[in-house]
Amino acid sequence: MSPADPVAERLRAALTRRVGGFFHNVRKDPGVACQVCAGPATEVVCGKCAGHRDEFGDRLANQVAILAYARGYAPGLHQSAHHVREYKSIPPAEKCAEDLAMMILAATYIHWRCIAGQGSGEAWDSVTFVPSKSRPGPEHPVAELARNVALCNGSKNRFRLHLGVGIDAPKRTIVPDRFSVPESALDRVAGKRILLVDDTWTTGGTVQSAAVALHDAGASQVTALCVARWCRHDWSDHRQLLDSCTAPYDAFVCPVQSPSCTVAASGTGI
Ligand SMILES: [Zn+2]
Ligand SMILES: [Zn+2]
């Protein structure tokens, strides 16, 4: 095993200091948490994700990586929920935006092989993000998260999804035409492996809609990378899962493999 990568070590230490007090890595253990969305699940995947799979099958994201839980609807306002909301306020809360960006940077730097796909020697071909209806362009802080992805093979391989005709459909449902791949970006999608970045996973409706649009445009693989899994403190199954996570956020804990991968410990980095 090679000595740990000092850059990875520094990112890890900085993140634990900055967000370790209120963010916790998601769980992916079968029978406890959903293998897709990390929400509570007594089966391998939760009912919501199973329903998505029945309806959309291979058009969904091939892999979903979520970094931490956001504790929504907790008495008072939990810092994790505050962070994922305020990072996109106008103007954005600077520390929140920086923290989320650093989480994306660290995850893609340390775990790029896991995020790119098991056994893959190559990173993703192209990076995009899930656009918001109110601010679909690069001015939205989620675009900044996508810009913080490590190892993206250069800026030419970034592209923007457009809002589609189905953008007004309820957010919790997957709608294939909620987003569309512009013609100008088709060459960065067809036959390519895409990293799709978003800030928050609630039901997966919007993220998976984007994954379906990318697959329908010919993407060979889509990995969704979200900073936070939004959970509800006021729902007992969610609360039980949240309460079981007590360790400070650790960037070395793999967001893809459970319990964890070996790449962080061996310090492969970029
Ligand atoms: Zn799920
Ligand atoms: Zn990993």
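The values are calculated or read from the model by the stated rules, or taken from the named source; none is laboratory data. Just so we're clear, the structure is a prediction, and the values are computed from it rather than from any experiment. FYI the Cβ positions are ideal-geometry reconstructions off the backbone, even for glycines, and counts take in every protein chain you see.
Points to keep in mind about this one:
- Taken across the stretch 18-31, residues that are touching a residue at least 40 places away in the same chain (Cβ under 8 Å), within 16 Å of ligand 2 (Cβ to nearest atom) and among the small types (Gly, Ala, Ser) do not occur at all.
- Selection over the stretch 177-196 of residues that are crowded, with 19+ Cβ neighbours inside 10 Å and part of a loop (DSSP other than H, G, I, E, B) gives a count of 4.
- The residues in the stretch 109-152 that are part of a loop (DSSP other than H, G, I, E, B) and either touching a Cys at 6+ places or on another chain (Cβ under 7 Å) or not hydroxyl-bearing (Ser, Thr, Tyr) (or both) can be counted, and the count is 23.
- Residue that is surrounded by the fewest Cβ atoms within 10 Å (Cβ to Cβ) [pool: residues in the stretch 1-20 that are touching a helix residue (DSSP H, G or I) at 6+ places or on another chain (Cβ under 7 Å) and under 30 Å from residue 234 (Cα atoms)]: 18
- Residue 218 on the phi > 0 side of the Ramachandran plot, buried (at least 19 other Cβ atoms within 10 Å of the Cβ) and away from ligand 2 (no atom under 16 Å from the Cβ): no
- Residues located in the stretch 224-262, provided they are among the β-branched types (Val, Ile, Thr) and within 16 Å of ligand 1 (Cβ to nearest atom): 256
- Output for the stretch 23-54, where each listed residue is hydrophobic (A, V, I, L, M, F, W, C) and in contact with a Phe, Trp or Tyr (Cβ under 8 Å, 6 or more places away or on another chain): 23, 26, 37, 38
- Of the criteria (1) surrounded by 13 or more Cβ atoms within 10 Å (Cβ to Cβ); (2) touching a Ser or Thr at 6+ places or on another chain (Cβ under 7 Å), which one residue 77 fails: (2)
- Here residue 122 does not qualify as surrounded by fewer than 20 Cβ atoms within 10 Å (Cβ to Cβ), charged (D, E, K, R) and under 17 Å from the mean Cα position of the chain (by Cα).
- Look at the stretch 212-235: where a residue is among the basic types (Lys, Arg) and a partner is in a strand (DSSP E or B) and at pLDDT 95 or above, sitting 6+ places away or on another chain with Cβ atoms under 6 Å, you get 229/66; 229/69; 229/201; 232/72.
- Residues in the stretch 49-78 that are away from ligand 2 (no atom under 16 Å from the Cβ) and in contact with a Gly (Cβ under 7 Å, 6 or more places away or on another chain): 49, 52.
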